[in-house]
DNA sequence: GTTGATATTGAACGATCGTTCAAGTTATAT
DNA sequence: ATATAACTTGAACGATCGTTCAATATCAAC
């Protein structure tokens, strides 16, 4: 059934995502990609056009997968805030991914790219906005279910949460203490509820 | 008085810091440095040994300058927490530095470097630890002056503050809204005091 | 089986990377 | 003035960068 000639685009993008995530955009060479994707340069360029374009697709897929993961954690949890907390646990302390991937790829991208790479920066910012929007949706649902006070400004809380998550994941790279991260996650939700 | 032959080491390191800060370690080539430092490769290598070593000195100086800035803001402020807040205002919203420098160079370095660059990573982590220690000192003084509750765990609060600052500066790169950042800084100090 | 379209291959391009070093320049001491 | 030490210069090295393209392999259609 599987087409042996034309590669599986999704699988290739997943592998590229992992590489870029671990090594950054600038730190990942086309030769790295050739090796890990098991593709020759001509094939990569025929399919994606350029390293920039491949990365743009990676960013887009990564953002979509974040949204999907948020939805998945919502379905599996007893309430919106619990689902949110499980998601945060997963991205900061989850162990299936390599250690280099504790940082959000989108934040890492914004941190790394110079101002000239306008298109890639915009792609990462756009993906982050979508995640923030999903946060807001979830928080709105939490407010409806009275997990948050009825006066909570969910848009503001979503921004706050996004900022917290960026800080948490950056801090995880500087001080790996698992127990401290757990405490901080608890603190984040405590401060979230008291607004 | 000034020696015309031997360059001013501090000035050179400051210029290198700015370059690395704006472009990252990997994104800054020796030729970039040669141009901005107005030094030829031989001179740079005679003085610093390698790009890695130059960067290690940059990291060290940057960390020390952070500590000095924290002290300076303490002296200029009416109280410890006000000085801390002014410092945070300065690093997230200060306009003398280029926009690319909103991120902490140390956090940016940890985000960018691959695991193989063990020495540089350790240098950045060490500098971050010193900053966190200074935070703790300041918070302890705030507790003595009853700006914090007598039961406040200042070591934990220092970690919390470090994490907040990383998040704030990362978020500043994704959503530049100045008013939102102001609000978030207020929120950080509100949550700080209520512990 | 032959044909035409489509996809893959890998050698090669010019540019740029971090780094080296022999030659040249400048300051100091006699 | 001259010798010595200290420092700077810039061409050049091999490696690697992102990318191209003519040659080759594989597919579907007749």
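Some points to look at:
- Yes/no for residue A:10 being loosely packed, with under 15 Cβ neighbours inside 10 Å, modelled with pLDDT of 95 or more and more than 10 Å from DNA strand C (Cβ to nearest atom): no
- Wholly enclosed helices (runs of 4 or more DSSP H) of the range B:7-64 bearing at least 2 residues away from DNA strand D (no atom under 14 Å from the Cβ) and within 14 Å of chain A (Cβ to nearest Cβ): B:9-23
- Flag if residue B:106 is buried (at least 19 other Cβ atoms within 10 Å of the Cβ) and more than 16 Å from DNA strand C (Cβ to nearest atom): yes
- Residue B:34, sole failed condition from (1) within 8 Å of DNA strand C (Cβ to nearest atom); (2) within 27 Å of residue B:91 (Cα to Cα): (2)
- Test: residue A:19 is under 19 Å from residue A:105 (Cα atoms) and at pLDDT 95 or above: yes
The values are calculated or read from the model by the stated rules, or taken from the named source; none is laboratory data. Quick caveat, the model's predicted, so the values are computed rather than measured. Glycine gets a Cβ as well: all are built from the backbone with ideal geometry, and neighbour counts include every protein chain shown.
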